[in-house]
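Remarks on the structure that follows.
The values are calculated or read from the model by the stated rules, or taken from the named source; none is laboratory data. Fair warning: this is a prediction, and the values are worked out from it, not measured in the lab. Every residue, glycine among them, receives a Cβ derived from its backbone with ideal geometry; neighbour counts consider all protein chains shown. Heads up: the accessible areas ignore ligands, DNA and RNA and are worked out on the full protein's heavy atoms, side chains in. Shrake-Rupley method; radii C 1.70, N 1.55, O 1.52, S 1.80 Å.
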Amino acid sequence: MKFKPLAFILSILITLSIGALGGYATAQSVRTWYPLLNKPTFNPPNWLFAPVWTSLYVLIGIAAYLVWVKRDRIVHFPRTVAIYFIQLILNLAWSFIFFYLHEIGFALAEIIVLLAVIILNAMMFYKIDKWAGLLFIPYILWVSFASFLTYNLFILN
């Protein structure tokens, strides 16, 4: 299969753009509201989130590219694309719900749905391209951790 650099770059830019929008939603609250919350002892330092999310968005973009180049062989390609974009939208929505609206309980419910859709997306991608599915593992692990962290923030606040 021939490498398609423009498609590769676009796949990554789409996910990084979602991340940038999420960053917009979080920027002010990370400095004002979030420091005032009671946090569990395992809460990561704020500086860790940007590099972790950037890395995850790059991996998600690479996975999307690996699936996109096989689109002609995918019977249900529109459904695959829909699930992919639903998980990206849910990912973005969590940032707005938690950091912009300050709705920790709603963010907890939303992140559980997000995690389920990410797992579904990973399974769909895995059936199409093994590596595309495997590239979702760090994302699943991080959002699992984020779910647990959100739960603890909800309990503590």
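Checking each residue in the range 4-14 for being touching a Phe, Trp or Tyr at 6+ places or on another chain (Cβ under 7 Å) and open to solvent by less than 50 Å² (accessible area, probe 1.4 Å) picks out A7, S11. Listed conditions (1) open to solvent by 60 Å² or more (accessible area, probe 1.4 Å); (2) farther than 12 Å from V67 by Cβ; (3) of a type in the set (S, T, Y) are all met by T150, apart from (1). When G105 is tested against (1) modelled with pLDDT of 95 or more; (2) open to solvent by 50 Å² or more (accessible area, probe 1.4 Å), just one condition goes unmet, and that condition is (2). A count restricted to the range 15-34 and to residues that are open to solvent by less than 70 Å² (accessible area, probe 1.4 Å) and either more than 30 Å from V69 (Cα to Cα) or in contact (Cβ under 8 Å) with a residue 24 or more places away in the chain (or both) stands at 13.
Regarding L120, is this residue under 17 Å from the mean Cα position of the chain (by Cα), touching a residue at least 12 places away in the same chain (Cβ under 8 Å) and open to solvent by 50 Å² or more (accessible area, probe 1.4 Å)?
yes
Among the residues making up the range 71-93, those that are over 24 Å from Y151 (Cβ atoms) and loosely packed, with under 15 Cβ neighbours inside 10 Å are R71, D72, R73, V75, H76, P78, R79, A82, F85.
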